[in-house]
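What follows is one structure encoded as structure tokens, with my remarks underneath.
The values are calculated or read from the model by the stated rules, or taken from the named source; none is laboratory data. None of the values given here were measured: they were computed from a predicted structure. All Cβ positions, even for glycine, are placed from backbone atoms using ideal geometry, and neighbour counts span all protein chains on display. For accessibility, only protein heavy atoms count, side chains too; no ligands or nucleic acids. Shrake-Rupley method; radii C 1.70, N 1.55, O 1.52, S 1.80 Å.
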Amino acid sequence: MTHEVQPDYIGAKMGMWLFLFTEILLFGGLFVLFAVHLSRYPAGFHAGSATLSVPFGSANTVVLITSSLTMALAVTAVQRGERRRTLALLGATVGLAGVFLINKFFEWSAKFQHGIYPGSEHMLEMEKGQAAFYAMYYAMTGLHGLHVVIGMCVIAWVMGLVAAGRVHRDRFVTLENAGLYWHLVDLVWIYLFPLFYLVT
Amino acid sequence: MADSGAAGNGFLGPVAGAGHVRAWLFSTDHKRIGLLYLTCILVMFVVGVLLGLAIRLELIAPGETIMGAQTYNAVFTLHGVVMIFLVVIPSIPAAFGNIILPLHIGAEDVAFPRLNNFSWWLYVIGACIAVSALFTGDGPPDTGWTFYVPFSAVTTTNVGLAVTAVFILGFSSILTGLNFIVTIHRLRAPGMGWGRLPLFVWTLYATAWIQVLATPILGITALLIVAERVLGMGIFDPARGGDPILYQHLFWIYSHPAVYIMILPAMGVVSEIIPVFSRKRIFGYGTIAASSLAIAFAGSLVWAHHMFTSGMSDTAVLVFSLLTFVVAIPSAVKVFNWVATLYKGAIRLEPPLTFALCFVFLFCVGGLTGLVLGSAGTDVHVHDTYFVVGHFHYVIFGGTGFGLFGAMHYWFPKIFGRMYDRRRANASALILAVGLNVLYFPMLILGLQGMPRRYYDYLPQYTDMHVVSTVGSWIVAVGLALMFWNLWRGLRAGQRVGANPWGAATLEWTLSSPPPHHNFAREPVVTAGPYEFAEVRLDDA
């Protein structure tokens, strides 16, 4: 999002916010589908939601919110010129994102073992509302998981820039934009969690 | 900054310390990136035209003429995918938007030059994937460019690859739009207030917002088709609780606003050309600028008029029919303003104006037939017939196509510093306009008579009109060949021109032709509007 020649701080931030709008709209399409399916099959969604593990989901929510905190602290640290602390906090953010994915992995594989995954025979025999619930579940948490992975890559890249001294107290917009992206990933999850785990 | 390379060749000249090919392919200069886009788009345009000619040739008589039914399905799908996603959507914004926008507002470059180069690469990658979908997998896609489920979810042809290409091209489009919005907000020269922006910039601004706000929906739709095909997701499959109508909604929420990505910049080009060749300030600057935003806004609310016969509720049909009519208002405002600008102007019928006038005529035919489709009652009669095909080709080819050709002829001397043969250019414009009417008007009649679109075969009573239409496609081909040959000759051996051969008042004409690498040596200070010709001097040599 940034480039060397022309450090236009406001312009760079504006570009990032526009990009975040497009991300929200990308998920927005799925939220619309979710709304339609929910209104069509309230009972099926209720039943499907009851099979998800609330403790698992809650733990992941806590993990992701904490990672948002470490990200915000990293931005403050870089503004104060504390390079080592910035790197440590960014490392913590990536670590927590990893914990989130591992947690998700266990959750998904438990469902897979019960034969619940897109295209499985069990899904075909399932009542339509529940099948629609799981289709939405895998589509939305899957796309969110992909964004977590992309976010981890972006943060790792910014860590490289910080370590190389190319992001520092006088030029930190790259880090700030990466932070915005990470907060968006967190925010999307904060909507996904109640919709899937607590809707019942 | 020290200008490197031959001064006479401007940005086309070599860059110091870099290989020639590398300096082009990885250039961050908006003018070079725009030219790269233009080259790719014109190559894809030729591919699309050849596919279109093949379709018309097949339909010259009932029964099999030159290809089988499956090949025909693949050919019209590819014609649609290539023309819509690779040619028409990026045509004016990506090519001329990139070249002209920073010059228009007195900037050194766009806001994110490296991102700009990246989006061109995304375009190239998307184009390569789309073309490779032809030759790999189990046959080219045969769904039509709309990729409607359930067929696109079950057909064994190469739909997955084509949809991936569309996703990547969409990403390229988003990044271009984002870049333009930030550029227009941040990089205007001192004195260039919002009231002094050239109208082309206003249309690019409106277009950029549509690109940013609508394209992500296409992205998710494309991803879901892939998920549907690869994983058997079931989101659109009724057997698993899904709903195919939802696909149509998601698809048209993007693809209808995309129509305005196609037409708005063309309207901007026409708004630039008409005042210059009437030597008159444009009539109603404010209303033209506002109507661009109004079209972008209202045009985003009308997607479901593609679905009047899909089984939506009657209330929805009524609401979307009404909203569709609303879009006609700002469009008509523009047309009336152009006509009022021409009125009592000192008109010089140079090629750009010829193309612009053809644009106005053809766009009006397309717009008026659009009203027939927008009112639910008549739409039920002509839905999915050749009437629709005729209508959108009038708008897209007659509108966007002529806007693009007009832009090519208007900015040609600025970009290359040379001039083409003007009489021949005028002749090609007229041949094209005549051919276009011969090609598409019979389709309107065929549609009213009940000939369905996309069909491989037809009843004998439709033969006459199909023959006329096919002959029209040949006239169009002749016109295109003449136009491209003329431009090519102008590029190689045309007469050299000065900074301002048309006597236009926007900023790009104050630079030498072609413009130097870093645009303005000193940041210009804007003291007059873009259509105040009083102090402009013609500089033809």
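Remarks
- Test: residue in the stretch A:185-196 that is in contact (Cβ under 8 Å) with a residue 40 or more places away in the chain, outside any loop (DSSP other than H, G, I, E, B) and within 14 Å of another protein chain (Cβ to nearest Cβ): yes
- Within the set A:GLY119, A:GLY129, the sole residue that is within 14 Å of another protein chain (Cβ to nearest Cβ) and at positive phi turns out to be A:GLY119.
- Within the stretch B:3-48, considering residues that are over 20 Å from B:LEU491 (Cβ atoms) and of a type in the set (Gly, Ala, Ser), the one modelled with the highest pLDDT: B:GLY48
- The residue that is nearest to the other protein chains (Cβ to nearest Cβ), counting only those in the stretch A:142-168 that are in a helix (DSSP H, G or I) and open to solvent by 70 Å² or more (accessible area, probe 1.4 Å), is A:LEU146.
- Candidates B:LEU264, B:LEU250, filtered to the one that is within 26 Å of B:PHE320 (Cβ to Cβ), modelled with pLDDT of 90 or more and within 13 Å of chain A (Cβ to nearest Cβ): B:LEU250
- Qualifying positions in the stretch B:384-433 - out of contact with any helix residue (DSSP H, G or I) (no Cβ under 8 Å at 6 or more places or on another chain) and either open to solvent by 30 Å² or more (accessible area, probe 1.4 Å) or of a type in the set (S, T, N, Q) (or both): B:ASP384, B:ARG423
- Residues located in the stretch B:4-55, provided they are small (Gly, Ala, Ser), surrounded by fewer than 17 Cβ atoms within 10 Å (Cβ to Cβ) and part of a loop (DSSP other than H, G, I, E, B): B:SER4, B:GLY5, B:ALA6, B:GLY13, B:ALA16, B:GLY17, B:ALA18, B:GLY19
- Counting the residues of the stretch B:123-161 that are part of a loop (DSSP other than H, G, I, E, B), polar (S, T, N, Q) and closer than 19 Å to B:GLY219 by Cβ gives 2.
- Entirely in the stretch A:1-112, the helices (runs of 4 or more DSSP H) that have 3 or more residues that are more than 14 Å from chain B (Cβ to nearest Cβ) and of a type in the set (Ser, Thr, Tyr): A:54-79
- Test: B:PRO442 is in contact with a strand residue (DSSP E or B) (Cβ under 9 Å, 6 or more places away or on another chain) and crowded, with 21+ Cβ neighbours inside 10 Å: no
- Total residues in the stretch B:522-540, condition farther than 15 Å from B:VAL276 by Cα and either without any contact (Cβ under 8 Å) to a residue 12 or more places away in the chain or in contact with a strand residue (DSSP E or B) (Cβ under 9 Å, 6 or more places away or on another chain) (or both): 1
- Every test in (1) more than 14 Å from chain B (Cβ to nearest Cβ); (2) touching a residue at least 40 places away in the same chain (Cβ under 8 Å); (3) surrounded by 15 or more Cβ atoms within 10 Å (Cβ to Cβ) is passed by A:TYR134 save one, and that test is (1).
- Conditions (1) in contact with a Leu (Cβ under 7 Å, 6 or more places away or on another chain); (2) surrounded by fewer than 22 Cβ atoms within 10 Å (Cβ to Cβ); (3) facing another protein chain (nearest Cβ under 10 Å); number of the one not met by A:ALA139: (2)
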